[in-house]
Amino acid sequence: MLEPAGQFAADLRNLRSAVHRAADRQTAQPVPFGWLKAAKRRQRTSQHRVVLAWSLATACAALFCIGSLPLLRHAAPPAAEQKVIDVQPVVIDDTALLEQIDNTVSESVPSSLAPLDSLDNWSSTTSTNTESSLNAPEKKNVAQ
Amino acid sequence: MGHMVSTELPPLARAESVLELADFDEVVRLYRTRIFRFLMASLSDRDVAESLTQDCFLKAYNARHQFRGESSLSTWLTRIALNLVRDHLRSRRMRFWQRTRDTALDIVDVGEWIPDGASSPEQVCLQQERVREIWKSVERLSRQQRTVFLLRFVEEMELAEIAETTGMNTSTVKSHLYRALRIVRDRASGKSEGEQ
């Protein structure tokens, strides 16, 4: 099946002959002096083009980075604030908080604050007395 | 035959390469037609084929240290040419705005080059017409099918050699060749692909 036969094989032979003759005609001339100069020039040009393309790409990337720096700098503070806000809420259990308050209140008063302590006692007793004395005229008024 | 320095490349020291590559001008003289023929048949463009032939020999010269003599020099050069064809077709696809100009270039009309062995002018015309039809069918094959077809029926390479040149398995080469032959035969005989 891979080896054609009959008319098709003859046509393929003609095709081969035609291509061979066309190529032979084209390359019949001896290789001119400096035949590969054009190829070398093309190779150099393509190398330069590759270098140029990479340089351009690098320059574009650098410009993009430099251009986006101010944006990044402006964008940074809100992120920091957000972080602080996230950190602030500390969940404390209610019972633990109440215990902490009780402990603080029930602590003994230091010696240096002792006069204040007595003053506090005095103010509490006087306040009850004054309350009763203040209430007396009111009672009188009510009686009247 | 007198030695003619034509490529302006420095002659190779025999130690740095194998014997076949020792005289590069001789290599060019021996294989230029073959490489040009393959490139012209692959691209249907004489100017591009000539440029790529030069590129092929320059690449071969620059990569001469990589040639270990495991395959024949002809196979090695054809492999370089094949890579150049692939690169050229790829870059032509990328430069789509140049396509019109490219196709308008020097297209090979193989029908004009048929050897005049027919007995009558009518037969010559008939042969030319058949060859043109086959050539059109070959041009419309996929790249791999066309490569395998040309290497087999224009360059007359064996299947194993085609496999070595293209880097395919022999079974893959057979498969491409079978499909290419079927398509070319059917198109040349005026059958559509659905009628097989």
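The values are calculated or read from the model by the stated rules, or taken from the named source; none is laboratory data. These numbers come from a predicted model, not from an experiment. FYI the Cβ positions are ideal-geometry reconstructions off the backbone, even for glycines, and counts take in every protein chain you see.
The table that follows gives values for the structure above.
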{"quantity": "Pairs, first touching a residue at least 24 places away in the same chain (Cβ under 8 Å) and more than 7 Å from chain A (Cβ to nearest Cβ) in the range B:32-45, second in a helix (DSSP H, G or I) and of a type in the set (Phe, Trp, Tyr), C-beta under 9 Å, six or more apart", "calculated": "B:Ile35/B:Phe57; B:Ser44/B:Trp135"}
{"quantity": "Qualifying helices (runs of 4 or more DSSP H) (wholly inside the range B:48-146; at least 3 residues being modelled with pLDDT under 85 and in the same structural domain as B:His176 (by TED's automatic domain parsing))", "calculated": "B:121-139"}
{"quantity": "Single residue of the range B:1-45 satisfying the filter (at pLDDT below 55 and of a type in the set (D, E, K, R)) that is nearest to B:Val154 (Cα to Cα)", "calculated": "B:Glu20"}
{"quantity": "Residues (closer than 22 Å to A:Gln47 by Cβ and of a type in the set (Lys, Arg)) located in the range B:56-78", "calculated": "B:Lys59, B:Arg64"}
{"quantity": "Single condition A:Ala9 does not satisfy, out of (1) within 22 Å of B:Ala60 (Cβ to Cβ); (2) more than 7 Å from every other protein chain (Cβ to nearest Cβ)", "calculated": "(1)"}
{"quantity": "Matching residues in the range B:147-171 - criterion: being free of Cβ contacts under 8 Å to residues at least 12 places away in the same chain, within 21 Å of B:Ser74 (Cβ to Cβ) and not in a loop (DSSP other than H, G, I, E, B)", "calculated": "B:Phe153, B:Ala160, B:Ala163, B:Thr170"}
{"quantity": "Residue within the range A:47-58 that is at the interface with chain B (Cβ under 10 Å from one of its Cβ atoms) and loosely packed, with under 14 Cβ neighbours inside 10 Å present", "calculated": "no"}
{"quantity": "Residue within the range B:162-178 that is surrounded by fewer than 16 Cβ atoms within 10 Å (Cβ to Cβ) and either at the interface with chain A (Cβ under 9 Å from one of its Cβ atoms) or modelled with pLDDT under 65 (or both) present", "calculated": "yes"}
{"quantity": "Selection from the range A:3-16 of residues that are surrounded by 11 or more Cβ atoms within 10 Å (Cβ to Cβ) and either at pLDDT 90 or above or within 15 Å of B:Arg152 (Cβ to Cβ) (or both)", "calculated": "A:Pro4, A:Phe8, A:Ala9, A:Asp11, A:Leu12, A:Arg13, A:Leu15, A:Arg16"}
{"quantity": "Exclusive hit being more than 14 Å from B:Thr33 (Cα to Cα), basic (Lys, Arg) and either out of contact with any Leu (no Cβ under 9 Å at 6 or more places or on another chain) or modelled with pLDDT under 80 (or both), set A:Arg21, A:Arg25, A:Arg41", "calculated": "A:Arg41"}
